[in-house]
Structure formats: C-alpha cells, structure tokens
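The values are calculated or read from the model by the stated rules, or taken from the named source; none is laboratory data. What you are looking at is a predicted structure, and each value in this text was computed from that prediction instead of being measured. Areas reflect the complete protein model, heavy atoms only, side chains present, ligands, DNA and RNA absent. Shrake-Rupley method; radii C 1.70, N 1.55, O 1.52, S 1.80 Å.
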Amino acid sequence: MASPYVTFSREQWRGLRASTPLTISDEELACLQGLNEKLSLTEVADIYLPLSRLLNLHVGATQELYQATHTFLGNLEKKVPFIIGIAGSVAVGKSTTARILQTLLSRWPNHPKVDLVTTDGFLYPNRILEERGLMKRKGFPESYNTRRLVSFLSDVKSGVSEVAAPVYSHLVYDIVPDEWQIVREPDILIVEGLNVLQTPLDENQRRLTEVFVSDFFDFSIYVDAQEDLIKKWYIDRFKLLRQTAFSDPASYFKRYASLSDTEATQVATSIWNEINGINLRKNILPTRGRARLILEKGEDHMIQKVKLRRL
Ligand SMILES: Nc1ncnc2c1ncn2[C@@H]1O[C@H](COP(=O)(O)OP(=O)(O)OP(=O)(O)O)[C@@H](O)[C@H]1O
Ligand SMILES: CC(C)(CO)[C@@H](O)C(=O)NCCC(=O)O
C-alpha cells in the first residue's frame, strides 16, 4: 500500500521556513525557552516555526470556508474554534509541543486567542478508578470519561460561549474537586493527551460514543519516538521530579523524593514496564496512522523527520 504521508527530512522541513512571514526576535525565542529549559532554540526555528505557518494556512482556509458558508446561508453564525489534537506516549513531549505551538500560533493576527486543554482533566477521579480497580491503569482508555470529553468538545465546536473542563493535578495525582478551566471562544483550541486519536469500544465491543474525540479536530499531530528513547526520557524526568514535585509535602509521590539514583531508576523502569510502555504499544501507537502530521523525534528530542498526510 502506498503511504498516505509525504516525508520531510529535518533539512527539507527547515527549508519550508522561508515561506514563513512570521519573524521572531532572539528575545522572543528566549521567552519560549521559559516553557521548557531544555528546549533548543534551533528546534523552535527549524521545526516549530514552519509548523506554525502550516497550521496558520489551515486555520486561514477554514476561516474562509466559514465566511463562504455564512454568505451562502445568509446568516451570521458564530465563528467556532479551530481544534488541533496532539497525541503520543506518556513523556514523549506532548505538553511541551502543545505549549510551543500555543505561543507561536497566538502571534498570528487572524487567530490571537489560543487555548490549551489536556485530557488529564477527563481522567476519572481516583475514587472511581479505585472502585473499578483501575488505579494502575491511569492513561488507559477505560480510565478516561470519554463521553464527557466528547461532550466538552461538542460544546466548544458548537460555539457555546463558556465551556468548563475539569482539572487534574499531577502533584495530588487526582482530579481537583470544584476547579475548572473555562474555555471562552478561543480562535484555536489545542487538545493534548495520549487518548485523543483513540476510538474506544464499550464492554460489548460497540463504539463507546457516537462521535469520536478526533471527529472534532481540524488538524492532528502525533509526537513519535522509539520506545527506548521515550522510556529514557520518562526515567530522566522521574529522577528530576525527586528534587521538584516529589519534594512537595502535598505530593502523592513524596515517598519517592528520598530514593537514590539506582532506586529511582528501578521504580521508574517498573512503572514504565507495567503501565506506560504497555499502554503505548497497545493503545497509543496504533492510533499514529490517524494523525494528519507525525513529528518523529530522535536523541535529545530533536525532530528527525516530519510526515504530513496528503489529505
Ligand atoms: N522539545 C523538547 N526539547 C527538549 N526536551 C523536551 C522537549 N519536549 C519534552 N522534553 C522533555 O521530555 C520530558 C517529557 O516532556 P512533557 O512533559 O512535555 O511530555 P508529555 O508527553 O506531555 O508527558 P505526559 O503525558 O507524561 O504529561 C520532560 O522532561 C521534558 O522536559
Ligand atoms: C496522567 C497520565 C495518564 C497522562 O498524562 C500519566 O501522566 C500517568 O499518570 N500515568 C500513570 C503512570 C505514571 O505515573 O507514569
């Protein structure tokens, strides 16, 4: 079967930046680094600037299509947000990619308001996960309230002026009761999470929802890397969290703060092997081919290849 994707090497993709009218100063690039101290500025310039241009073209075309439809219908329907989904494994860098794109996309005059929601907020609270024996399955399809996520997206896409998303705290390792993120008519909404391209089935093997999360996407991105690299990033991040989040007295994982390097590597390796690695192979990687664009990372999170689906 012929591949539906056009593949760009890093060099070819970087070349496409030439068509990006958006320029960015050194200070602004430095500001972006605040999103993630390890983010290289070359990476922003070579990979994410051309990507923001591609997305800008897509948003512009969609906005024009809306205009044409309005003219045809002779009414003034509300403009609805352009929705971008970002999928990929735990620890592959979805949140970082989402935040870079949020910042870059908000610089374009025709879509200044860019909101970002993560699907973590749609995990069931620990109370329900415990009841269902799913505490070691966080991130698996059954750990999410997918119907609620679909209804959230449906409201956003219907132009509802204020839509509330629940909030998850990585520190407390649970949904925060009575806290909401309110999405108020953004030009673009980025939805980031490992489950955004999934098409889950119920216990009778029927589709769980009439429409899938991805049916609301105008564009989708899968952040990809070899599993051994992702596993290494997961372990590195876990070790780093000992000095930061795990040391917070409010942390669910405060018992991990005092682990030695060897112990931390062992704990992170077993969480990877028993939860996140299995989820990647079984539930996340199989959705890669549904993405419009695939970012393929190598060592140090550097993008090696970009694959863009022809349609
Ligand atoms: N572009 C990048 N350059 C350098 N380091 C990065 C980049 N993206 C992510 N990282 C690093 O990789 C690790 C995982 O990144 P991030 O938290 O963004 O992943 P994620 O896919 O959102 O993970 P999760 O689903 O577990 O929240 C972090 O330690 C982060 O600092
Ligand atoms: C919240 C998720 C599922 C996704 O972001 C993930 O970060 C997680 O908590 N996974 C469970 C196993 C672990 O602690 O890595």
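What number, in percent, do you get for the relative contact order of region 148-270 if the mean sequence gap of Cα pairs under 8 Å and at least 6 apart is divided by its residue count? Relative contact order comes out at 21 percent.
Note on surface exposure: 94, 254 rank 254, 94 by accessible area, highest first, 1.4 Å probe.
Against the criterion of solvent-accessible heavy-atom surface with a 1.4 angstrom probe, 135, 1 sort, most first, into 1, 135. The C-alpha atoms of region 1-104 occupy a region whose extents along the principal axes are 50, 43, 32 Å, arranged from largest to smallest.
Structural descriptor for the chain: relative contact order 24 percent, calculated from alpha carbon pairs under 8 angstrom and at least 6 residues apart. Among 168, 222, the sequence by solvent-accessible area, most first, with a 1.4 Å probe is 168, 222.
Surface analysis of the chain yields an accessible area of 51 Å² per residue, using protein heavy atoms and a 1.4 Å probe.
The portion of the accessible surface of region 220-311 made up by carbon and sulfur, rounded to a whole percent, is 53 (1.4 Å probe; DNA, RNA and ligands excluded).
Here's how it looks for residue 116: its modeled amide H is under 5 Å from those of 190, which are all 5 or more places away or on a different chain. At the residue level, residue 69 shows approximately 60 square angstrom of accessible surface with a 1.4 angstrom probe and all protein chains present. Remark: region 203-208, residue by residue, has Karplus-estimated 3J(HN,Hα) of 5, 9, 6, 9, 4, 5 Hz, where x stands for each Gly or Pro and the curve is 6.51 cos²θ - 1.76 cosθ + 1.60 at θ = phi - 60°. Cut-off under 21 Å on the C-alpha distance; same-chain residues fewer than 8 positions from residue 282 excluded. Which lysines are left, in chain and number order? Once the sequence-local lysines are set aside, what remains near residue 282 is 94, 136, 138, 231, 232, 297. Summarise the long-distance tail of P(r) for region 46-88 by giving the % of C-alpha pairs beyond 11 Å. For region 46-88, the share of Cα pairs beyond 11 Å comes to 71 percent. Our coupling estimate for region 301-311, obtained by passing each phi through the Karplus curve with A = 6.51, B = -1.76, C = 1.60 and θ = phi - 60°, is 6, 6, 6, 9, 9, 10, 10, 10, 6, 4, 9 Hz, Gly and Pro reported as x. In units of the rule-of-thumb radius 2.2 N^0.38 Å, region 5-309 shows an alpha carbon radius of gyration of 1.02. For the chain, adding -39500 (n - 2.57) for each run of n ≥ 4 DSSP H residues and dividing by the number of residues yields -9500 deg cm²/dmol at 222 nm. Taking amide H as placed 1.01 Å from N in the peptide plane, the amide H of residue 83 sits under 5 Å from that of 189, 218, 219, each at least 5 places away or on another chain. Annotation: amide H of residue 107 has no partner in the under-5 Å range at sequence separation 5 or more or interchain, hydrogens built in the peptide plane.
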